Structure formats: C-alpha cells, structure tokens
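Nothing in this text is a laboratory measurement; each read-out follows from the coordinates by a stated rule. Keep in mind it's a predicted model, so treat the numbers as computed, not measured. Here Cβ is always computed from backbone atoms with ideal geometry, including for glycine, and neighbour counts include all displayed protein chains.
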Amino acid sequence: MLPFKLVYHPDYDLNLGSHVFPSQKFRLIQEQLRRDEIASREDFLLPFEAGDEDLLRVHTREWVGKLRNGTLTASEIMKLEVPYSPELAKAVWLAAGGSILAGQCALRDGFGCNLGGGFHHAFANHGEGFCAIHDVAVAIRKLQADGAIRKAMVVDTDVHHGNGTAHIFRDDESVYTISIHQLNNYPAHKPPSNVDLNMDDRVEDEEYLEALMPVVVESLEKFRPDIVFYVGGADPYCEDQLGGLMLTKKGLKERDKRVFAEARKRWVPVATTLAGGYARRVEDTVRIHVNTIEAAREVDEEFPAKKAAV
C-alpha cells in the first residue's frame with residue numbers, strides 16, 4: 001500500500017479515438033500501477049466532479065456555460081483542438097475535482113496524485129491545446145477559499161509552456177509559477193510566468209536538470225509555499241511526437257524525484273498531475289507517468305511525511 005493516495009476515475013478518458021492525445025493513458029496508468037504492484041485498489045480514490053462554483057473562481061461564467069451546454073463556436077473548438085462531446089465536458093469537470101482531491105490529500109499525507117489533469121493551456125475564457133478547464137488553478141482557488149492554504153507554487157515540467165497558468169495567475173502574488181519548456185514549440189505566445197526556463201531544442205537530461213533544480217530550490221526558499229502543484233510532463237521524452245527535447249526515462253524520473261525531495265526537505269506538500277505525453281509508443285508515456293508515482297514513493301521512504309492531524 002502506498003503512503004499517499006492516487007486519484008482516478010474511469011471517465012477521465014476524453015474519448016478522442018485515434019487523436020494524438022492518448023486519453024486512454026489514464027486507464028493504462030492505473031492498470032500498470034496495479035500490475036506492477038506499486039498500488040493496490042485501496043490506494044485509489046474516486047473523485048467527484050468539481051462544482052460550477054469551483055470552476056467560476058477561475059473561469060468566466062460564459063465559458064463554463066458553453067462547456068456545460070455544448071454551445072462552443074467552431075473557432076473555439078478549433079482553438080481547443082479536440083472535438084467537443086458531453087464525455088469531454090464530464091472528463092474535465094472530473095479532472096478538476098480530482099486535482100482538488102489530490103491537493104487535499106497532499107495537505108494530509110505530504111503527497112497526492114491525480115492521474116489526470118494538468119490542463120495548463122486553459123485560460124479563464126477559452127480553451128487551447130487540448131485543455132478546456134484549468135484543473136490546477138481550480139484546485140488552488142478551492143484550497144485558498146477553504147482556508148487550507150494561503151500560497152501555492154506551480155512547477156510545470158510539460159514540454160509546452162504553461163500559458164494558461166501564467167495568464168490566470170499573472171497579477172496574483174499568492175501563486176508563484178515556474179515553467180520549464182522547449183522554447184521553439186507550442187504555444188507561439190508565451191505570457192510570462194514568474195520564472196520561465198526556455199530550453200533549446202534537443203536539450204538532454206543533465207542540462208535540463210542543471211537549469212531546473214537551482215530555480216526550484218531558490219523559489220521554495222524565498223516564496224515558502226503552503227503547497228506545490230507539480231505538473232509532471234511526460235513529453236520532454238526523447239521520442240515524443242509533440243516535443244523536441246531529448247530527456248530519457250531515467251532523466252525524467254530523476255527530475256521528478258529531485259523536485260519532490262526538495263519540497264519534502266522543507267515539509268512542503270506536493271500535489272501531482274500527470275500531463276502531456278505523446279510518445280510514439282503509448283507504453284512509453286505510461287511508464288514515464290508510473291515512474292512519477294515511483295519517484296514520490298521513493299522520496300516518501302527517504303523522508304517520511306509529517307502526517308497532518310485529522
């Protein structure tokens with residue numbers, strides 16, 4: 001049994017068929033974790049859909065209504081880059097609920113992981129790049145509204161810049177945003193995060209980690225967040241179809257483990273979402289995400305969490 005909880009729902013699947021985004025990966029990750037005996041049935045929690053009031057702390061009423069009612073314009077669907085369906089709407093409401101639950105679990109156990117989510121290209125009033133609802137922003141606002149946290153940090157390691165995250169929190173001193181991404185990649189316009197680490201094409205493990213880790217350490221020391229939301233991107237992988245970096249599976253796991261360890265050394269809870277991942281072999285994407293859970297377990301074994309009172 002894991003010392004922290006994993007959040008998963010069968011309806012996370014966006015039902016995209018042969019789309020480049022392998023939305024079946026959420027189910028495959030859950031199955032692989034069980035197959036490898038990393039997690040048992042008791043380690044998984046089933047999320048509820050986030051409430052509309054939770055979404056409205058981040059998104060405009062008009063955008064939430066369009067998603068709820070299926071009244072997106074053709075141009076909005078084109079920008080979203082995935083076909084609209086009621087199943088899509090349910091999946092993103094569930095993903096937001098899952099990230100809220102992962103955050104709550106992290107505050108209690110030190111770690112929490114949503115096997116879905118990480119939809120960092122969603123803006124307040126529209127979706128982009130396969131992302132309709134910004135689940136991490138919804139979770140942060142919910143935890144703040146509940147008085148569970150005051151300050152949050154987002155560490156985004158997706159190969160694509162977290163433009164929605166940067167824009168949503170652009171004037172908010174209570175949320176500190178870090179994005180490490182390939183510079184010459186989507187999106188074309190990159191609103192400034194608090195820290196943007198722009199990686200050149202074909203950067204490998206060592207250079208990537210040498211850029212990321214000093215920033216993570218300095219930011220944790222200076223900002224002192226109550227929680228870190230970690231967007232664990234699988235797409236810096238060297239064989240990703242939508243990425244141009246050259247990280248190995250070993251390097252990606254080392255990235256996760258080092259970030260988790262720095263947070264744990266300071267007793268900062270970490271809520272993880274499993275983002276991106278468009279490897280030619282979906283098995284590679286699944287393995288990278290499973291390794292993120294393994295990294296969290298290994299850090300927890302090295303630095304056992306101070307459990308919150310319940």
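Roughly what percent of Cα-Cα pairs across region 5-302 reach past 35 Å?
Working: 3519 of 44253 pairs.
Result: 8 percent of Cα pairs exceed 35 Å.
Count the DSSP beta bridges whose two residues both fall in region 5-302, then state the antiparallel fraction as a percent rounded to the nearest 5. Can you show the working numbers first?
Values: 2 of 33 bridges.
Looking only at bridges with both residues in region 5-302, the antiparallel portion is about 5 percent.
Suppose every K and R has +1 on its Cβ and every D and E has -1 on its Cβ; what is the size of the dipole of region 155-233 about the Cα centre, in Debye to the nearest 20?
So the magnitude is around 300 debye.
For region 124-169, restrict the atom set to alpha-carbon positions and state the Rg and Dmax in Å.
When restricted to the Cα atoms of region 124-169, Rg and Dmax are 11.4, 32 Å.
May I ask you to sort S99, S18, S179 by Cβ crowding, counting other Cβ atoms within 10 Å and putting the fewest first?
Lowest count first: S18, S179, S99.
Tell me what the chain gives for mean residue ellipticity at 222 nm when only DSSP H runs of n ≥ 4 count, each as -39,500 (n - 2.57), the sum divided by the residue total, rounded to 500 deg cm²/dmol.
Value at 222 nm, helices only: -13000 deg cm²/dmol.
Show me, for region 229-237, the HN-Hα J-couplings you get by feeding each phi into the Karplus relation (A = 6.51, B = -1.76, C = 1.60, θ = phi - 60°), rounded to Hz, glycine and proline as x.
9, 9, 8, x, x, 8, 8, x, 4
Could you list K190, K306 in order of exposure, starting from the residue whose Cβ has the fewest other Cβ atoms within 10 Å? Kindly include the intermediate steps, with their values, before the conclusion.
Numbers: K190 19, K306 10.
Least crowded to most crowded, the residues run K306, K190.
Rank these for me by crowding, D256, D171, going from fewest to most other beta carbons within 10 Å.
Lowest to highest Cβ neighbour count: D171, D256.
Only four residue types carry charge here, +1 at the Cβ of Lys and Arg and -1 at the Cβ of Asp and Glu. Report the dipole size of the chain about the Cα centre in Debye, rounded to the nearest 20.
With only Lys, Arg, Asp and Glu charged at Cβ, the dipole is about 660 debye.
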